[in-house]
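Q: Before we start, here is the structure in question, set down as structure tokens.
The values are calculated or read from the model by the stated rules, or taken from the named source; none is laboratory data. Please read these numbers as outputs of a predicted model, since none were measured by experiment. Glycine gets a Cβ as well: all are built from the backbone with ideal geometry, and neighbour counts include every protein chain shown.
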Amino acid sequence: MRFVIAMMKHETNTFSPVPTPIESFGKQGPLFGVDAYNAYKGTNTPMGAYIDLAQNEGAEIVTPIAAQAWPSGFVHGGAYESIVRAIVDEVKRGCDALFLDLHGAMVTEFTDDGEGTLLERIRCIAPNLPIAVALDLHANITEKMITNCTTLAGYKTYPHIDMGQAGQRAGSLLIRTLKKEINPVVIWGRRPMLPHTLRMGTDDAPMKDLVTMARVAEEEGVLAVSVFGGFPLADICDAGLSVVVTDVDQSRGKKVCDKILNAAWARREEFVYHSEPLTESIARAKAFSDGPVLLIDHSDNCASGGTQDTMAVLAEAMRQGLKDVAVAAVRDPEAVEAMIRAGVGSRVTIQLGGKMDMPAIRLKGNPLEVTGTVRVISDGEFIVKGPVETGVTTYMGRTAVLDTGPIKIVVIERNHEPIDLGVFRSVGIEPTAMHYLLLKSRIHYRGAFMPIARHIIECDGVGVTSSDYSRFRFQKVRRPIYPLDSDFNLDERP
């Protein structure tokens, strides 16, 4: 058999000013052929799981492309077309099955449904091709995604420590289909809910309880049950919470789907995040005598499309006199260049961050003047050792550490979520030795940083990943939808 295995992953924040050209999809762009295979073989990703499954079947493996970018604004049309063409052209050459590692929330300059459009184009040239799809827990499910795949499974964890397991489930079900052991159908449903991302952590209720319901259904024989919180900052019609079931029994699958959806709707208020004023958050953190204390700058999280250069939380930490702080990370290519020119050991004063305006939320960039010593200059590359994307080589771009005395700031060229302790250790900072760790993250930090944390303080700064929906002008999402609209009856919605 000939198996095509490909990756196309991007979570698009339609309010983000961060551009997404083809160069964003990898160190210098996507990986092709054997390079794609080598990069993801043996990793905790759906693509890694697909490769292992294909090898176990003795199949010929073709990996036309692996394209993955950190969340940002609309994907450039040319970038999307290049990625899609690589996959479609390989399918045209002929194959027995297609295994896709997708995200589920890609929006491009020309389509609001990047994944559904890809699948539809594939179906046009290969109507009967068996297709497995693995999706992120934050996927915004569309009709095109469902009708144009054979099996589908999503991550059950956030932070996403089960990426490989999702690929294993979707892929193994497809192989069973090829062997005619099963004839699956894909059932889905949704409720008019736009949950806050900070309320989707699977270690916390209510998402934890919905995922438990999905796991129980699988233990009772349903092939695959996936709860998708959706990505609310992709302002498209289909954004929001949904459930997808892959099973051999349409009736059973629908009952499971509806049961979980009804439970989600009943607890919709629990999916709303409530924050506290930033000054109070930092003051609470200051009172802790033991650390590390994690300061979570969740409104500027690059893994939800943030600019990663807003300075509100760092400025408040400095104003209140926090000491023994390490920051990961501020994206500021200009500052990195200035520190590299100055050299290690040099004393510099720079205007840090605030380089990007955010017109969608009517916010101007606001740099912070910082003086310190350049301690480290690095290429910003390291291999992830933590539970999220284990084994993947990751790139922060050229990286420098600015030491102000009380605070060590990791400054990077490319957006990068602090999903792994390597964001500090790769530049000589031992995170367990710091009293405070200021992380531009939302939930993903938990996989690597929760085990070392003594306290966690969520800090409501500014940025295009804020949980305050009133900052955003939603135009395309279907209405009514909770909590943008709270005064409507589920049975009376359009």
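Q: Can you tell me how many residues within segment 256-296 are in contact with a Gly (Cβ under 7 Å, 6 or more places away or on another chain) and under 24 Å from ALA205 (Cβ atoms)?
A: Within segment 256-296, residues that are in contact with a Gly (Cβ under 7 Å, 6 or more places away or on another chain) and under 24 Å from ALA205 (Cβ atoms) number 3.
Q: Also, I was wondering about something else. Go through (1) buried (at least 19 other Cβ atoms within 10 Å of the Cβ); (2) under 30 Å from GLU381 (Cα atoms); (3) out of contact with any helix residue (DSSP H, G or I) (no Cβ under 9 Å at 6 or more places or on another chain) for ALA433 and report which single condition fails.
A: Among (1) buried (at least 19 other Cβ atoms within 10 Å of the Cβ); (2) under 30 Å from GLU381 (Cα atoms); (3) out of contact with any helix residue (DSSP H, G or I) (no Cβ under 9 Å at 6 or more places or on another chain), ALA433 violates only (1).
Q: Filter segment 382-408 for residues that are under 23 Å from MET450 (Cα atoms) and of a type in the set (Asp, Glu) and give the result.
A: If the condition is that a residue be under 23 Å from MET450 (Cα atoms) and of a type in the set (Asp, Glu), then GLU389 is the only one that fits.
Q: Here's something else I'd like to know. Just to be sure, is LEU421 closer than 22 Å to THR373 by Cα and in contact with a Pro (Cβ under 6 Å, 6 or more places away or on another chain)?
A: no
Q: Has segment 400-407 got at least one residue that is touching a Phe, Trp or Tyr at 6+ places or on another chain (Cβ under 8 Å) and touching a residue at least 12 places away in the same chain (Cβ under 8 Å)?
A: For segment 400-407, residues touching a Phe, Trp or Tyr at 6+ places or on another chain (Cβ under 8 Å) and touching a residue at least 12 places away in the same chain (Cβ under 8 Å): absent.
Q: Name the one entry in ILE161, ILE125 that is over 25 Å from TRP265 (Cβ atoms), surrounded by fewer than 24 Cβ atoms within 10 Å (Cβ to Cβ), among the aliphatic types (A, V, I, L, M) and touching a residue at least 40 places away in the same chain (Cβ under 8 Å).
A: Unique residue meeting the criteria: ILE161.
Q: Any residue at all in segment 444-460 that's hydrophobic (A, V, I, L, M, F, W, C), in contact with a Phe, Trp or Tyr (Cβ under 7 Å, 6 or more places away or on another chain) and not assigned by TED's automatic domain parsing to the domain that holds THR14?
A: no
Q: Mind telling me which of the residues ILE146, ILE131 ends up being within 30 Å of HIS196 (Cβ to Cβ), hydrophobic (A, V, I, L, M, F, W, C) and at pLDDT 95 or above?
A: ILE146
Q: Against the condition within 27 Å of ILE457 (Cα to Cα) and under 26 Å from the mean Cα position of the chain (by Cα), how does GLY353 come out, does it pass?
A: Spelling it out, GLY353 is indeed within 27 Å of ILE457 (Cα to Cα) and under 26 Å from the mean Cα position of the chain (by Cα).
Q: Being in contact (Cβ under 8 Å) with a residue 12 or more places away in the chain, under 18 Å from SER72 (Cβ atoms), in a strand (DSSP E or B) and not assigned by TED's automatic domain parsing to the domain that holds MET207 is the requirement here; does VAL330 meet it?
A: yes
Q: For segment 45-59, which positions are under 16 Å from LEU135 (Cβ atoms) and outside any helix (DSSP H, G or I)?
A: Within segment 45-59, THR45 is the sole residue that qualifies.
Q: Mind checking which residues of segment 414-428 are of a type in the set (Lys, Arg) and in a loop (DSSP other than H, G, I, E, B)?
A: Answer for segment 414-428, where residues must be of a type in the set (Lys, Arg) and in a loop (DSSP other than H, G, I, E, B): just ARG414.
Q: Next question, about the same structure. From the list ASP491, ASP485, ASP403, ASP420, which residue is modelled with pLDDT of 95 or more and more than 25 Å from LEU352 (Cα to Cα)?
A: Residue meeting the stated conditions: ASP485.
Q: Scan segment 391-407 for residues that are surrounded by fewer than 24 Cβ atoms within 10 Å (Cβ to Cβ) and not in a loop (DSSP other than H, G, I, E, B) and jot them down.
A: Result: THR393, THR394, TYR395, ASP403, ILE407.
Q: Which residue pairs have Cβ atoms closer than 9 Å, lie 6 or more positions apart in sequence or on different chains, and pair a first residue in segment 345-366 that is in contact (Cβ under 8 Å) with a residue 24 or more places away in the chain with a second residue that is assigned to a strand (DSSP E or B) and of a type in the set (S, T, N, Q)?
A: Listed pairs, sorted by first residue: GLY345/THR373; SER346/THR373; ARG347/THR371; ARG347/THR373; VAL348/THR371; VAL348/THR373; ILE350/THR371.
Q: Which residues, counting only those in segment 21-49, are in contact (Cβ under 8 Å) with a residue 60 or more places away in the chain and in contact with a Gly (Cβ under 8 Å, 6 or more places away or on another chain)?
A: The answer is ILE22, TYR40, GLY42, THR43, ASN44, THR45, PRO46, MET47, GLY48, ALA49.
Q: Now for a different question. Pull up segment 219-247, narrow it to residues that are touching a strand residue (DSSP E or B) at 6+ places or on another chain (Cβ under 7 Å) and assigned to a loop (DSSP other than H, G, I, E, B), then point me to the one that is nearest to SER16 (Cα to Cα).
A: Ranking the candidates gives ALA234 first.
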